[in-house]
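The values are calculated or read from the model by the stated rules, or taken from the named source; none is laboratory data. Computed from a predicted structure; not experimentally measured. Virtual Cβ from ideal backbone geometry, glycine too; neighbours counted across all protein chains shown. Note: accessible area is taken over every heavy atom of the protein model, side chains too, but ligands, DNA and RNA are not part of it. Shrake-Rupley method; radii C 1.70, N 1.55, O 1.52, S 1.80 Å.
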There are 2 protein chains.
Amino acid sequence: MTFSTPAPIVVAGQPAASSACPVVPAKGARRGVGIRDVSWSPQGFWGRRQRVNAQATIAHCESWMERLGWLENFDRVARGAETTERAGWQFSDSEVYKMLEGIAWELGRADDAELRARYEALVARVAAAQDDDGYLSTAFGHPGLPPRYSDMSMGHELYNVGHLLQAAVARLRTGHDDLLVAVARRAADHVCREFGPGSRESLCGHPEIEVGLAELSRATGEQRYLEQARIFLDRRGHGVLPVRPLLSAEYFQDDTPIREATAFRGHAVRALYLASGAVDVAVDSEDAELLGTLEAQWARTVERRTYLTGGMGSRHQDEGFGEDWELPPDRAYCETCAGVASTMLAWRLLLATGDPRYADLMERTLYNVVAAAPDEDGTAFFYANPLHVRVAGGEYSGGGVNHRAEGGVRAPWFDVSCCPTNVARTFASLHTYSAYAEGDVVSLVLYEAGEWNIAVDGGRLGFHVETRYPDDGTVRVVIDEAPPTGAGLRLRIPSWSRGAVAAGPRGEATPEPGWWDAGAVSVGDVVTLSLDVAPRLTWPDRRIDAMRGTVAVERGPLVLCLESTDLPEGASFEDASILASEPVLAEADGASVTLRLGDGTVASGGLPAYGSAPSVAATTTTAQVPLVPYHRWGERLPSQMRVMLPVAGQNS
Amino acid sequence: MTFSTPAPIVVAGQPAASSACPVVPAKGARRGVGIRDVSWSPQGFWGRRQRVNAQATIAHCESWMERLGWLENFDRVARGAETTERAGWQFSDSEVYKMLEGIAWELGRADDAELRARYEALVARVAAAQDDDGYLSTAFGHPGLPPRYSDMSMGHELYNVGHLLQAAVARLRTGHDDLLVAVARRAADHVCREFGPGSRESLCGHPEIEVGLAELSRATGEQRYLEQARIFLDRRGHGVLPVRPLLSAEYFQDDTPIREATAFRGHAVRALYLASGAVDVAVDSEDAELLGTLEAQWARTVERRTYLTGGMGSRHQDEGFGEDWELPPDRAYCETCAGVASTMLAWRLLLATGDPRYADLMERTLYNVVAAAPDEDGTAFFYANPLHVRVAGGEYSGGGVNHRAEGGVRAPWFDVSCCPTNVARTFASLHTYSAYAEGDVVSLVLYEAGEWNIAVDGGRLGFHVETRYPDDGTVRVVIDEAPPTGAGLRLRIPSWSRGAVAAGPRGEATPEPGWWDAGAVSVGDVVTLSLDVAPRLTWPDRRIDAMRGTVAVERGPLVLCLESTDLPEGASFEDASILASEPVLAEADGASVTLRLGDGTVASGGLPAYGSAPSVAATTTTAQVPLVPYHRWGERLPSQMRVMLPVAGQNS
């Protein structure tokens, strides 16, 4: 294998290893890897998705936003024209910024004249809409629009700016202090003036400005931005936001101060963006207490409010977290953006602590939520990612409108279209989450075929990885470069691993889940890891009521699912249950299981359908039926689908 | 027992038996009983609630609406003053009308000078706000408000008028052709002009005008109103309503014509009000095909989209029906108003067909949804009626706002406060649903201590009922009056009944569920029925995924539930499961069961909480634990609650 490994980008004052990536803590020893420090094979699981993202998704997003007038919104404001009917929701500006962030990472990986020209044209249109005092919004504060900051609960003005700052950070960290960066600095300065101490004692209903300010502070060295992020964090949770009909303070995380909360709650994306910004503030201000409470909130949430896929947000209502153990497979919201936000948060906690459980959740979420959203072509997306779909092809009749793309048919765009651009910026920078350096040791987090070349104490550690992970559990790491003073390598053993075998310069080992230390490595060393990705049964906690009497099948990091497409003709999807004592067989990237099948003809007889004896299906047959990776569901015919398989003989 | 049985009200042109009640089909042989034809003991299950309703609930509603400015809205419009900030939602007028309907039924039962004065004052305020052309709204069409009919999807203008018409019908049928009736006629005439053939080809996003027009047509003899109801029905389902962000045509039942639909879907109250109006139109126009499709939609909905309580509407999102078998106990919305609407519909279908399954669902819904909403004092209410509550005392922190009162604490009022007034008007007229006459035969539907005196062919059938139903299954009917030509009596044997014993002039019988014909009865005859109300296990259909591995306990018509308050100290509510092979014991109005208890200490160990083996609680003990009627839940301490009990040994 040969991948070009371009020279690393070095920004003054930043350690080289970590400079060109979305998250660069100002304190602490762990650093992610830069955008040009890793190059993944375009045939690998993620490499292929990155290629499709670069070649199709970003242009797809731009084309939709141009067509819908979300870009024209900027032009109209720039012209000073009266807005009569504005296209898009009040947060549509953020989609433009998320797309710009994605483009910035793409340009950071490899310059491309055509993409750069598009980027510059877009930035020029954005910049033209900025007011002299730094205020930037196409939904407020201009002729025909409501006044600035007249709807802090739902206006999303600071949320939009937060995404602008993240885009500017991507640009700065890839070596360009350009117009977008200038716009972002002016916007951030404006926010600090308007919402600093003694000014407006308010905050934005949708967190995001916090994480944007924190990273801009890191990228520019401006402590004021970090301080403003801290102010927003501490101001929240005291019922500051005006009450909105049918929305609770919990929805906005304005019910309880972040230092006192015990779990993530309310709107899932809001909660996870907020926590991400809070980790940034905790780390940079060395606030161990804040970090500790965030770790505890994360642990309770992941234990009790998270799906097997890593999906978060059980409720369609308020797009929100449920109570502990409220995890219905069928109406699981599991918004794609919540998967992105959970990845942002887990990565920050991993850098802050080195605890491999954060990497475990990140991998689980990436393979089973984020990867599930886009189709093969990168031009249609799931918004919600439920674990059970009863009606093939979607719940909504009535043409064209697809609210959530939850029925198994991915949609090219949405009315609220936060997910496509979030996938775009995440895939564009995904390889920066693949490893981190700490001193002279590199810890490898994600397994993917490709090349890494990472700055460590004393020089650079370069290696390439050969693997077909996750289809196969064999990972081979070949050391290509090491500092004269030596370097260490650690490999992640996922939490699901049983019976892993590893080998390195220090000999063989059978590592348990966690970090396996391969020891000091030198050029030419080969480190191998063999993970057992045979399919396995996974049982839900007994307290997850909606999953009682069911079991899932996983295969390595992949959650599998049953699609009705794969059932024998005449078998009722509702009456299919798994014979859990029969072996689960490996198949390509999936598995096959023995199902008991019924024809769905036996009714309960009751109105409503409850009877005096357990309800039993008319068993017609058993059959060996394939399961496919959840991330691939809905790619064939519209289909019914379920992750949690009813166990035969359990009250059925 | 002695109850005063006032003389029946007779309105010209209406058969006496059915004149003074909410539903009086223009065609068909079955007629409900009039508001003064039945008098229930104030100690009975329903009699007590009627008394509380009359003495407390109605005044409670009036006081809240005065305090919140929902009544002042009418005064401001009457004054012609500019509305700057309007109190309440656009449908707040309807709460006033529903309260007026409740008052009208109360005044129809027994005149009361103080209540009559309050009624007249309220009607005067409403009447003063009506425009010369009959238009009546405090939310549109006046200075400072949006123009008339500028938001057909969510404006609720015709919905409000529908409730006005129902209130006027109550007044007309209780013998008063008064100012409210005049206002209603003018409003109905206006609607016919504005939305008739060749005029606005539109309809209201929230059905209700249909049922209001149909009953006003029946009460006044004006065929135009029935015709307009039919026009609205047939116009719907063709995507007529403007699309609203995040709401589908299905939400409004505007996705599929009512004659082509196969189940109730979308917003539950909307769907059920619409179907009620459709039954009225089908019956009065002798449209057997329309009635047939409504019966089929009802049957599928009740089989597959209805809770054991009779509750309808599985989803918080859109307050809507779910797909078939989507019946999560924990997030069951089961809005109180959907229970009222389902009762309206079931009663209409019962009158149209005589099929006892409609009476079964009506009784189930009344005891387990409608009766559950108000507290003992009739001044606090549940809005949602879930079958499982994990967190005692409600989900929302942050004071004062109680959106849905779903956490086990009833609320005195709501932001969207449709339920209290719906309960008020339903309880005020509930006894009219207790029996129906057909020729010279009376069919007794609801068992309650009290007196009935019903017009039948040839004269009147009078009887009194002695019973402690539903606590006890014994019902004794004593015939007090019969026409010289004789009359027949039928008793309803509920669908859950096993081993009932009945006795009458023709001897003893062991009737199966359905109608038991006691035969011809004479003065002095005693008819007895003994229903077995011993508690029993009830199993959900295997296809209700969220109830897999659980069983419920019922007792007569009552669904029972477990409250955490009743668990031994130290027992975890989440770890309590029922030993389903142990006997279920009767206790007062509830039952007791043997539970396996755990202390909740065993964690799954996984993050998220899924493991390689079934999750098992640390069993500490078993205990006999009481279950209480669902309608009484939350009356003691704030408590966790569940109707569906996990079955011990089922994957746990």
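Summed over all non-identical Cα pairs, the Kirkwood treatment of the stretch B:438-530 gives a radius of 13.1 Å. Per-residue shielding of A:386-392, expressed as the average number of other chain Cβ atoms within 10 Å of the residue Cβ, stands at 2. Quantify, in whole percent, the carbon and sulfur part of the accessible surface of the stretch B:46-236 (1.4 Å probe; protein heavy atoms only). Within the stretch B:46-236, the accessible surface is 50 percent carbon and sulfur. The value of relative contact order for the stretch B:438-530, using C-alpha pairs under 8 Å at least six residues apart, is 28 percent. Legend: residues A:Arg185, B:Arg636, sorted from most to least accessible area (1.4 Å probe; ligands, DNA and RNA excluded), read B:Arg636, A:Arg185. Note on B:303-309: average number of Cβ atoms from other chains within 10 Å of each residue's Cβ is 4.
Binning the C-alpha pair distances of the stretch A:589-633 at 5 Å intervals from 0 yields a P(r) profile of 5, 18, 17, 15, 14, 13, 12, 5, 1 %, listed from the shortest bin outward.
With label points defined 7 Å past Cα in the direction of Cβ, position A:Glu85 shows copy-to-copy spacings of 3.1 nm, given to one decimal and shortest first.
By the compact-protein rule of thumb, 2.2 N^0.38 Å, the alpha-carbon radius of gyration of the stretch A:293-345 corresponds to a ratio of 1.03.
Note on A:Ser592: accessible area approximately 0 square angstrom, rounded to 10, probe 1.4 Å, nucleic acids and ligands left out. The modelled label-to-label distance between B:Arg67 and A:Asp355, using points 7 Å beyond Cα along the C-beta direction, is 4.6 nm. Inter-copy label distances for B:Gly486: 11.1 nm (label point placed 7 Å from Cα along Cα→Cβ; shortest first). Taking Cα centre as origin and charging only the Cβ of basic (Lys, Arg, +1) and acidic (Asp, Glu, -1) residues, the dipole magnitude of chain A rounds to 260 debye. Counting charges near A:Glu85 (Lys, Arg +1; Asp, Glu -1) among other residues having Cβ under 13 Å from its Cβ returns a value of 0. Ordering A:Val602, A:Val169 by accessible surface, largest first, gives A:Val602, A:Val169; the 1.4 Å probe counts only protein heavy atoms, with every chain in place. Computed over protein heavy atoms with a 1.4 angstrom probe, the accessible surface ordering of A:Arg543, A:Arg498, largest first, is A:Arg498, A:Arg543. A prolate overall shape is assigned to the stretch A:49-114, the ratio a/c of its alpha-carbon gyration tensor axes (a ≥ b ≥ c) being 1.5 or greater and a/b exceeding b/c. Expressed in units of 2.2 N^0.38 Å, where N is the residue count, the Cα radius of gyration of the stretch B:229-364 is 0.99.
Is the shape of chain A rounded, prolate or oblate, going by the alpha carbon gyration tensor and its root eigenvalues a ≥ b ≥ c, with a/c under 1.5 for rounded and a/b larger than b/c for prolate? Here chain A falls in the oblate category. For the stretch B:48-191, the Cα gyration tensor yields ellipsoid semi-axes of 25, 17, 13 Å (square root of five times each eigenvalue, largest first, whole Å). Across identical copies of the chain, A:Leu179 has label-point separations of 6.9 nm, listed in ascending order, with the point defined 7 angstrom from Cα along Cα→Cβ. For the protein assembly as shown, the per residue solvent-accessible surface stands at 30 Å², with DNA, RNA and ligands left out and a 1.4 Å probe.
Measuring nothing but protein heavy atoms, the accessible surface of the stretch B:438-530 at 1.4 Å probe radius is 47 percent carbon and sulfur.
Around B:Trp40, with a cut-off of 11 angstrom between Cβ atoms, what is the net charge of the other residues, counting Lys and Arg +1 and Asp and Glu -1? Net charge around B:Trp40: +2.
Note: relative contact order over the stretch A:267-418, using C-alpha pairs below 8 Å and six or more positions apart, is 20 percent. Under 20 Å from a point placed 7 Å out from the Cα of A:Ala117 along the Cα-to-Cβ direction: which residues of the stretch A:80-107 have their backbone N that close? The answer is A:100, A:103-107, whose backbone nitrogens lie closer than 20 Å to the label point. In terms of its Cα atoms, the protein assembly as shown spans 116, 69, 52 Å along the principal axes, sorted from long to short. Take the convex hull of the alpha carbons in the stretch B:138-276; its mean projected area over all directions comes to 8.7 nm². Projecting label points 7 angstrom from Cα along Cα→Cβ for A:Asp189 and A:Gln624 puts them 7.0 nm apart.
Prolate is the label for the stretch B:536-646, because a/c, from the alpha-carbon gyration tensor with a ≥ b ≥ c as root eigenvalues, is 1.5 or above and a/b exceeds b/c.
Computed per residue of chain B from DSSP H runs no shorter than four, each worth -39500 (n - 2.57), the mean residue ellipticity at 222 nm is -9500 deg cm²/dmol. Would you tell me the mean number of C-beta atoms belonging to other protein chains that fall within 10 Å of each C-beta in B:324-331, as a whole number? Going residue by residue through B:324-331 and averaging, the value is 6.
Basic side chains Lys and Arg get +1 at the Cβ, acidic Asp and Glu get -1 at the Cβ, and with that the dipole of the stretch A:435-530 about its Cα centre reaches some 180 debye. Candidates B:Val593, A:Ala219, B:Leu68 compared by Cα position along the dipole of the protein assembly as shown: farthest toward the positive end lies B:Val593, with charges placed on Cβ. A Förster distance of 60 Å, applied to the separation of the beta-carbon atoms of A:Asp177 and B:Arg224, puts the FRET efficiency at 0.20.
Put a plus charge on the Cβ of each Lys and Arg, a minus charge on the Cβ of each Asp and Glu, and nothing anywhere else: the dipole of the stretch A:19-133 about its Cα centre is then about 820 debye.
Need the C-alpha centroid separation for the stretch B:583-618 versus the stretch A:207-228, integer Å. For the stretch B:583-618 versus the stretch A:207-228, the Cα centre distance is 47 Å. I'd like to know which of B:Ala552, B:Asn368, B:Pro25 lies farthest towards the positive end of the charge dipole of chain B, counting +1 on Cβ of Lys and Arg and -1 on Cβ of Asp and Glu. The residue sitting most towards the positive pole is B:Ala552.
Computed over the stretch A:536-646, relative contact order equals 34 percent, with contacts defined as Cα pairs under 8 Å that lie 6+ residues apart. Along the charge dipole of the stretch B:46-236, pointing to its positive end and built from +1/-1 on Cβ of Lys, Arg, Asp and Glu, which listed residue (B:Ala117, B:Pro197, B:Leu145) has its Cα farthest out? Farthest along the dipole direction, towards plus: B:Ala117. Taking only protein heavy atoms and a 1.4 Å probe, the accessible area of the stretch A:594-652 is 53% carbon and sulfur.
On association of chains B and A, roughly 6700 Å² of accessible area becomes buried (total for both chains; probe 1.4 Å).
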